[in-house]
Amino acid sequence: MSENSDNVEFASPLGDRQNRRVYLITYSRANLEKIPDCEAFSRCILEAFDEGKSKKKVVEWACCMEDHADGGKHYHMAVSLDGTRRWNPVRKSIFKKYGINVHFSSKPLGYVAAYTYVCKNKTLNEVVHSPGHKKMTTIGSPKTKNAMGKSSSSIQNVHKRKAGKITTMSKIVKLLSIRQNGNQILTLHNSWLQTMLKQSQS
């Protein structure tokens, strides 16, 4: 089963066998008895990435907890690896060991965009970082703004292309309708001429 993003404007759906270098990992409606805080969640994610035959390891990460609309909690974690790696074996490992389902998605603009999503509406003190994490003192930094600006622009272009296709199809349907109506009028006109001709000959 493929994991589809709940935030399509920020993330891309992944097939079971796809691999990425950057992941955005979400645990919705978290069971706080199993995973009580960000430290515990990041630990279970890192342990799963350390397992298996892959030599690609996590080099940088950031994690936060957020309030859910139904009153529960959920976790977000941005993960950067030192090379591409499949996500599905990691997800299965987490479920086998902890009995929880986590959601993997990808960020088209890499770790800066994933990190920005994790930190949205949060102070840096509310976000748990990997040791030696690069300093991003403000989410409004030029690098972050540029990355998110590109993401927003990319999304807008997709919407414009879709709108353009819809408009083009609407024009085609309208032209076909006009043509069809014109043919009907021409048919009626020819029928009327034939009737008038018969009347004049009688």
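Every number in this text was worked out from the coordinates using simple rules, so none of it is lab data. Computed from a predicted structure; not experimentally measured. We place every Cβ from the backbone using ideal geometry, glycine too, and count neighbours over all the protein chains shown.
Annotations
- Dipole moment magnitude, nearest 20 debye, the stretch 19-139 about Cα centre, only Lys, Arg, Asp, Glu C-beta charged: 680 debye
- When only the Cβ of Lys, Arg, Asp and Glu is charged (+1, +1, -1, -1), the dipole of the stretch 35-76 relative to its Cα centre reaches about 380 debye.
- Point-to-point label distance, residue 96-residue 59, nm (Cα→Cβ direction, 7 Å offset): 2.8 nm
- When Rg and the Kirkwood Rh are both derived from Cα coordinates, the Rg/Rh ratio for the stretch 19-139 amounts to 0.93.
- Value of relative contact order over the stretch 19-139, rounded to a whole percent, pairs C-alpha under 8 Å and six or more apart: 36 percent
- Straight Cα distances below 18 angstrom link residue 96 to the aspartates and glutamates 3, 16, 33, 47, 50, 51, with same-chain residues fewer than 8 positions distant left out.
- Too-long pairs where the Cα-Cα distance tops 29 Å, listed order kept, from 34/56; 53/73; 55/120; 55/97: 53/73; 55/120
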